[in-house]
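The values are calculated or read from the model by the stated rules, or taken from the named source; none is laboratory data. Quantities reported herein were computed from a predicted structural model and do not represent experimental measurements. No Cβ is skipped: glycine too gets one built from the backbone with ideal geometry, and neighbour counts run over all protein chains shown.
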Amino acid sequence: EAGVVQSPRYKIIEKKQPVAFWCNPISGHNTLYWYRQNLGQGPELLIRYENEEAVDDSQLPKDRFSAERLKGVDSTLKIQPAELGDSAVYLCASSLGGPTLGEQFFGPGTRLTVL
Amino acid sequence: TQLLEQSPQFLSIQEGENLTVYCNSSSVFSSLQWYRQEPGEGPVLLVTVVTGGEVKKLKRLTFQFGDARKDSSLHITAAQPGDTGLYLCAGAPTGGYQKVTFGTGTKLQVIP
């Protein structure tokens, strides 16, 4: 069974440019997460989806970040315009969801460098 | 926002040594997980603990959930180079099972 797929794996852009990341979760996983991770630190939640509904986006910088999960499957995270401080690894994860804390399955991440 | 502080932040040890990593919070968690992350990859789940005082063993790794469900520890016996990685605890608040907060991380290096 395929795991969580993310693309691209690496992205280098200049500040003020837009960038988009794509995530395909594990089939059947209702919950999808986007995290940002700085080097050597723990992931920070940006947004969590239950099916196609964004149920927790309190940490998403909405002035420049946007996300969507059309049809409750694939998801896209966009930054426009990018700033130097956005350089990080962007991780996507999915889980079955439900009433107990389940395992999150992570993709390999997209490493973003903003010059 | 519930904060999870891990200590130490960095740990470099020789192969065969024992070590303990701590995960602490002032908040109560309904359950807590430990993940390991290797360079260039996403975190991978090691264990989930749900009961205060619970102890789980996974080969040379021993996980404990504090009695008050505010803290946890990970003990590795006879560390091996393959244990090298970033160890992350992650907790879920009561009633918000999918609302997970990750800890600050402990970077472990095991030298052959």
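See the values below:
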{"read-out": "Only listed residue being under 15 Å from the mean Cα position of the chain (by Cα), within 14 Å of chain A (Cβ to nearest Cβ) and within 20 Å of B:Pro81 (Cα to Cα), chosen from B:Leu19, B:Leu32, B:Leu45", "value": "B:Leu45"}
{"read-out": "Selection within region A:52-92 - out of contact with any Gly (no Cβ under 9 Å at 6 or more places or on another chain) and of a type in the set (Ser, Thr, Tyr)", "value": "A:Ser58, A:Ser66, A:Ser75, A:Thr76, A:Ser87"}
{"read-out": "Residue identified as out of contact with any Lys or Arg (no Cβ under 7 Å at 6 or more places or on another chain), more than 30 Å from A:Val55 (Cβ to Cβ), modelled with pLDDT of 95 or more and of a type outside the set (Ser, Thr, Tyr) among B:Gln109, B:Gln37", "value": "B:Gln109"}
{"read-out": "Residue, surrounded by the fewest Cβ atoms within 10 Å (Cβ to Cβ), within region A:27-54, restricted to residues that are within 11 Å of chain B (Cβ to nearest Cβ), under 14 Å from A:Cys92 (Cα atoms) and without any contact (Cβ under 8 Å) to a residue 40 or more places away in the chain", "value": "A:Glu44"}
{"read-out": "Count of region B:70-112 residues which are charged (D, E, K, R), farther than 16 Å from A:Tyr35 by Cα and within 14 Å of chain A (Cβ to nearest Cβ)", "value": "1"}
{"read-out": "Meets criteria (assigned to a loop (DSSP other than H, G, I, E, B) and of a type in the set (Ser, Thr, Tyr)) for B:Ser26", "value": "yes"}
{"read-out": "Selection count where residues are in contact with a Phe, Trp or Tyr (Cβ under 8 Å, 6 or more places away or on another chain) and assigned to a strand (DSSP E or B), scope region A:12-57", "value": "16"}
{"read-out": "Filtered residues of region B:68-83 (kept if out of contact with any Cys (no Cβ under 8 Å at 6 or more places or on another chain), surrounded by 17 or more Cβ atoms within 10 Å (Cβ to Cβ) and at negative phi)", "value": "B:Lys70, B:Ile76, B:Ala79, B:Asp83"}
{"read-out": "Counted residues, region A:78-97 - those being part of a loop (DSSP other than H, G, I, E, B), within 11 Å of chain B (Cβ to nearest Cβ) and without any contact (Cβ under 8 Å) to a residue 60 or more places away in the chain", "value": "0"}
{"read-out": "Matching residues in region A:105-115 - criterion: being more than 7 Å from every other protein chain (Cβ to nearest Cβ) and under 18 Å from B:Leu46 (Cβ atoms)", "value": "A:Phe105"}
{"read-out": "Output for region B:48-69, where each listed residue is more than 13 Å from chain A (Cβ to nearest Cβ), in contact (Cβ under 8 Å) with a residue 12 or more places away in the chain and not in a loop (DSSP other than H, G, I, E, B)", "value": "B:Leu58, B:Leu61, B:Thr62, B:Phe63, B:Gln64"}
